Amino acid sequence: MGFLNRGGPTESRDERERREARRQADVERIAAGGIPAAAEERLRTLGAEAGQAFTSDLSVPEFALARRHRLEPLTQVMGSSVYHVGWQYLNQGLWGSTIQELAVLADAYNDCRARAFARLRQEAELAGADAVVGVRITAARYEWGSDLVEFQAIGTAVRAPELGAGAGPALTNLSGQDVALLLDGGYVPLGVVGATSVFYGQLWTWGQSMPLGQGGSFWSVGNVEFGGATQTWYAARHAVLERLRADAAALGAAGIIGTDWGQEERPYEQNERVSGVTYTIHALATAIAGPGRDLPEPTTIIPL
C-alpha cells in the first residue's frame, strides 16, 4: 500500500516518525485555534526580510491609492475553519412550530467565522502587518457532509502607519480604494464584524388562511402575502443587526460601514408538505472610528 504513504516507498522509519510528529503537532495547533507550523515559518520569513516581492489581490487603482497613504502590501493572508454542526430541533407549540431562531445552526456559523478570522489575524501578525484590507469571506456546504460548514477569509496584509492601533492588525472588508477614502475622511477601520442568524417560521400566520391545492401545493385565485415568511425574514435580519451592533460597540466603534449581505431560504417539509421556511442571513461589515473631517469637492475631468 505504498501509494497511501505520502513519504514514498524510500522513506526511512525516522523520517516517517518525524513526519507523523509534525502532523500531530499541526493537529494540536489547529485544535487550539492556530495555524500549521509551515505556514507560520513562511509568514515569519516574509515579515522579517525586506525587499521581497509582495503578493496581493489589489487592483491597479487600489494599489495606487493605497500607496498614497503609505499602505505597503506584504502578502496575501487567509483563515479557514471547517465546522461540524450539532443536532437542531424545533420547539413545538400548541398550533405547531412558531417563529424561532435555530440557535445551534446560528452558533455554528458564528463560531466558525470567528475561528477563520482569528487565523487570518494570526497570519497578518506573523507577517508584521498593521492591517488586512479587502477581506472577503465565503461560506461553503458540502454534499458529502451535510452537517459541515466552512468559512474562508482572504485578504491582503499591509503595513500601514496610519492604521496601527496597537491592538493587533485591523481587519476590513473595504477595498484599498475605500480605505484610502476613509482615511481622507478622518476615520480608521477598527476591525471586521460579522454575524449569521438562522430562523424558522411558518409560511402563514395564525388567523391567515393557507392557500393549498391538491397534493398540498400552493394555489390561490388572487395575490396573497405569506405573512409568516415575511415576519421570519424581519426577525432574522433584526438578530443579525443586533449582533453587528454589539460587536462594533465592543471595539469602541462609532458605527459600521460597507455591510455585505447574503441570504439563503429553504422550505421546511413536514409530513411531505411544506409547512415552513428557514432563513439564513449572513452579514459582514467594517467598524470605524475617528473625528472625521470634510472631504474636498470632487473634480470633474473631461477628456480632450
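The values are calculated or read from the model by the stated rules, or taken from the named source; none is laboratory data. If you're wondering where the values come from, they're calculated on a predicted model, not measured in any experiment. Cβ atoms come from the backbone with ideal geometry, glycine included; neighbour counts cover every protein chain shown.
Given the criteria at pLDDT below 80 and either in a helix (DSSP H, G or I) or of a type outside the set (Val, Ile, Thr) (or both), does GLU62 qualify? Taking the combined requirement at face value, the residue does not satisfy it.
Every residue, every condition in (1) at pLDDT below 75; (2) assigned to a loop (DSSP other than H, G, I, E, B); (3) farther than 30 Å from LEU181 by Cα; (4) of a type outside the set (A, V, I, L, M, F, W, C), yes or no:
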{"position": "GLY7", "(1), (2), (3), (4)": "yes, yes, yes, yes"}
{"position": "GLU20", "(1), (2), (3), (4)": "no, no, yes, yes"}
{"position": "ALA25", "(1), (2), (3), (4)": "no, no, yes, no"}
{"position": "GLY34", "(1), (2), (3), (4)": "no, yes, yes, yes"}
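Of the strands (runs of 3 or more DSSP E) lying entirely inside segment 188-297, those containing at least 1 residues that are at pLDDT below 90 and loosely packed, with under 14 Cβ neighbours inside 10 Å span 255-270, 273-289. Only one of the numbered conditions (1) more than 27 Å from ILE257 (Cα to Cα); (2) in a strand (DSSP E or B) is not met by GLN88, and that is (2).
Considering segment 39-59 alone, what residues qualify as being aliphatic (A, V, I, L, M), within 18 Å of ILE154 (Cα to Cα) and modelled with pLDDT under 75?
Quick first cut of segment 39-59, residues aliphatic (A, V, I, L, M) only: 39, 43, 46, 48, 50, 53, 58.
Subsequent filtering for residues that are within 18 Å of ILE154 (Cα to Cα) retains 39, 43, 46, 58.
Matches in segment 39-59: ALA39, LEU43, LEU46.
ARG141 meets each of the listed conditions (1) surrounded by fewer than 16 Cβ atoms within 10 Å (Cβ to Cβ); (2) part of a loop (DSSP other than H, G, I, E, B) apart from (2).
Any residue that is under 22 Å from THR259 (Cα atoms) and out of contact with any strand residue (DSSP E or B) (no Cβ under 6 Å at 6 or more places or on another chain) - is there at least one of those in segment 119-129? Checked segment 119-129: at least one residue is under 22 Å from THR259 (Cα atoms) and out of contact with any strand residue (DSSP E or B) (no Cβ under 6 Å at 6 or more places or on another chain). When segment 149-180 is limited to residues that are out of contact with any strand residue (DSSP E or B) (no Cβ under 8 Å at 6 or more places or on another chain) and in contact (Cβ under 8 Å) with a residue 60 or more places away in the chain, the one that is surrounded by the most Cβ atoms within 10 Å (Cβ to Cβ) turns out to be ALA180. Would a scan of segment 126-138 turn up a residue that is hydrophobic (A, V, I, L, M, F, W, C), in a helix (DSSP H, G or I) and either in contact (Cβ under 8 Å) with a residue 12 or more places away in the chain or over 19 Å from ASP178 (Cβ atoms) (or both)? Yes: segment 126-138 contains one or more residues that are hydrophobic (A, V, I, L, M, F, W, C), in a helix (DSSP H, G or I) and either in contact (Cβ under 8 Å) with a residue 12 or more places away in the chain or over 19 Å from ASP178 (Cβ atoms) (or both). Within segment 172-191, restricting attention to residues that are among the polar types (S, T, N, Q) and within 22 Å of ASP247 (Cβ to Cβ), the residue that is nearest to the chain's Cα centre (by Cα) is ASN173.
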